[in-house]
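Contents: one structure, followed by commentary.
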Amino acid sequence: MKISHLVFLLGLALFAACKDDDSSTLADLRYDGENFTGPLLDAGEHELAVRFPASKMADYAGKKLTEVQVYVGPVLPQTCLIRVYGEGNDSIPGPKLYDGNVTSTLVGDGWNTFQLTPATDLTGDDLWIGVFVEHAVQQQSIGCDAGPRKENGDWLFKGEDLLWKTYIERTNESVNWNIRGVVE
């Protein structure tokens with residue numbers, strides 16, 4: 001009987017150790033769950049972002065944001081930029097810390113991982129991670145989960161009104177963007 005318990009425990013330990021090492025599950029900074037769909041955005045310029053307030057960033061002071069992971073839908077945007085911002089206020093990001101054009105490296109219908117070169121130093125202050133997209137027509141390009149919305153997981157800047165608002169404010173839909181940050 002004791003041997004069967006030992007075998008069971010060993011099997012359980014091996015099962016737990018053999019989990020999928022997909023990089024999309026290793027992100028330190030995230031609000032989202034698995035991809036469910038993507039917002040239908042009008043033609044024009046949009047920026048989807050997640051905000052991590054200082055209360056969440058304090059433990060990361062002195063570390064670096066090295067990667068951003070984004071779920072991209074089947075139809076690629078005309079333009080796609082990864083942007084990282086520093087401390088602003090509760091509803092507007094601060095100074096741009098990183099701005100990288102990733103348009104030519106996008107792969108549709110899955111997770112894309114972008115190395116930040118150089119990596120962004122983390123100070124423990126607010127951090128915004130954004131994805132700027134430009135569409136020629138109405139389309140879905142960046143993914144979101146099925147919700148429910150978590151505070152700061154659904155910021156959206158629209159070129160037509162030049163305002164940062166949460167997606168729930170704009171549409172009454174409760175989701176979180178599939179945007180994640182990796183810290184080292």
*asked:* Is it the case, given these coordinates, that L40 is surrounded by fewer than 14 Cβ atoms within 10 Å (Cβ to Cβ), within 19 Å of D145 (Cβ to Cβ) and touching a strand residue (DSSP E or B) at 6+ places or on another chain (Cβ under 9 Å)?
replied: yes
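So for the stretch 78-89 (the condition being of a type in the set (K, R) and under 27 Å from E169 (Cα atoms)), does at least one residue qualify?
yes
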*Tell me which residues, restricted to the stretch 100-144, are among the charged types (D, E, K, R) and either surrounded by 15 or more Cβ atoms within 10 Å (Cβ to Cβ) or in contact with a Pro (Cβ under 8 Å, 6 or more places away or on another chain) (or both).*
D109, D125, D126, E134
*Condition test on T79, is it under 19 Å from H46 (Cα atoms) and of a type in the set (S, T, Y)?*
yes
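Applying the selection to the stretch 77-130, what residues are of a type in the set (S, T, N, Q) and touching a residue at least 24 places away in the same chain (Cβ under 8 Å)? First the steps, then the outcome.
Of all residues in the stretch 77-130, those of a type in the set (S, T, N, Q) come to 78-79, 89, 91, 101, 103-105, 112-113, 115, 117, 120, 123.
Q78, T79, S91, T103, N112, T113, Q115, T120, T123 - these are the residues of the stretch 77-130 that are of a type in the set (S, T, N, Q) and touching a residue at least 24 places away in the same chain (Cβ under 8 Å).
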*Qualifying positions in the stretch 86-109 - assigned to a strand (DSSP E or B) and more than 23 Å from G38 (Cα to Cα)*: K96, L97, Y98
*State which residue is nearest to the chain's Cα centre (by Cα) when the search covers only the stretch 38-71 and only residues that are part of a helix (DSSP H, G or I) and more than 22 Å from I168 (Cβ to Cβ).*
M57
*surrounded by fewer than 16 Cβ atoms within 10 Å (Cβ to Cβ), at pLDDT 95 or above and on the phi < 0 side of the Ramachandran plot: does that describe R170?*
yes
*asked:* Out of everything in the stretch 166-184 that is out of contact with any helix residue (DSSP H, G or I) (no Cβ under 9 Å at 6 or more places or on another chain) and not in a loop (DSSP other than H, G, I, E, B), what residue ends up being farthest from G108 (Cα to Cα)?
replied: E169
_Matching residues, the stretch 130-182, being within 19 Å of K56 (Cα to Cα) and touching a Leu at 6+ places or on another chain (Cβ under 6 Å)_ = W177, G181
*Counting only residues that are hydroxyl-bearing (S, T, Y) and over 24 Å from D59 (Cβ atoms), how many does the stretch 92-116 have?*
3
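Among the residues of the stretch 1-37, which ones are modelled with pLDDT of 95 or more and either more than 18 Å from G147 (Cα to Cα) or crowded, with 18+ Cβ neighbours inside 10 Å (or both)?
Within the stretch 1-37, the first condition is being modelled with pLDDT of 95 or more, and the residues that meet it are 29-37.
Result: L29, R30, Y31, D32, N35.
The values are calculated or read from the model by the stated rules, or taken from the named source; none is laboratory data. Keep in mind it's a predicted model, so treat the numbers as computed, not measured. With ideal geometry, Cβ positions are generated from the backbone for all residues, glycine too; neighbour counts draw on all protein chains shown.
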